[in-house]
1. Tell me, how many Å apart are the Cα centres for the stretch 18-65 and for the stretch 73-87?
2. With the convex hull built on the Cα atoms of the stretch 12-59, state its orientation-averaged projected area in nm².
3. What is the extension gain from I20 to N46, computed as 0.36 nm multiplied by their sequence separation minus the C-alpha to C-alpha distance, in nm to one decimal?
4. Between the helical axis of 78-92 and the dominant principal axis of the chain, each derived from Cα atoms, what acute angle in degrees is found, rounded to the nearest 10?
5. Given the options D58, D79, D37, which has the most mean-square fluctuation in a GNM of the chain, springs set between C-alpha atoms less than 10 angstrom apart?
6. To the nearest 20 Debye, how big is the dipole of the stretch 12-59 about its Cα centre, given +1 on the beta carbon of each Lys and Arg and -1 on that of each Asp and Glu?
7. Per q in 0.13, 0.17, 0.22 Å⁻¹, report the Debye log10 I(q)/I(0) for the stretch 7-93, using one uniform scatterer on each alpha carbon and no solvent.
8. Contact order normalised by length for the chain, with contacts defined as Cα pairs under 8 Å and 6 or more residues apart; what percent is it?
Amino acid sequence: MNKHDKPVVRIENWSVVGSIIYYGFRNLEPGARLTGDVMGHANLRNGTIYTSAILTIDRLKGLVETHNSIYSLGDVSEDYARWLDAQEHARAA
């Protein structure tokens with residue numbers, strides 16, 4: 001499946017995790033996984049999902065490609081936003 005065959009699906013209330021069994025947050029990077037709320041995915045029910053591993057990230061367009069889909073990033077989850085803020089403060093200290 002090439003990039004042009006993949007559905008583009010909006011994901012809201014999203015965060016980045018290592019896997020479905022490890023609930024700690026990770027930075028948005030290849031190999032990590034998105035979790036969040038999707039609607040209108042051709043192969044999945046509406047609701048909370050865990051994606052397959054992230055392949056590529058287009059930060060300017062807000063797109064994240066996985067093996068099966070391309071996710072358009074909507075609003076980030078409040079918990080993940082707090083985690084990102086804490087990570088930034090720790091780096092600055």
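1. So the separation of the two Cα centres works out to 14 Å.
2. The Cα convex hull of the stretch 12-59, projected and averaged over all directions, gives 3.6 nm².
3. 7.6 nm
4. Tilt of helix 78-92: around 50 degrees.
5. Of D58, D79, D37, the most mobile in the Gaussian network model is D58.
6. 100
7. -0.39, -0.66, -1.08
8. Relative contact order here is 31 percent.
Taken together, the values in this text are just the output of simple stated rules run on the coordinates, not laboratory data. Note that this is a predicted model, so its numbers are computed, not measured. Ideal geometry is used to build each Cβ from the backbone, glycine not excepted, and the neighbour counts take in all protein chains shown.
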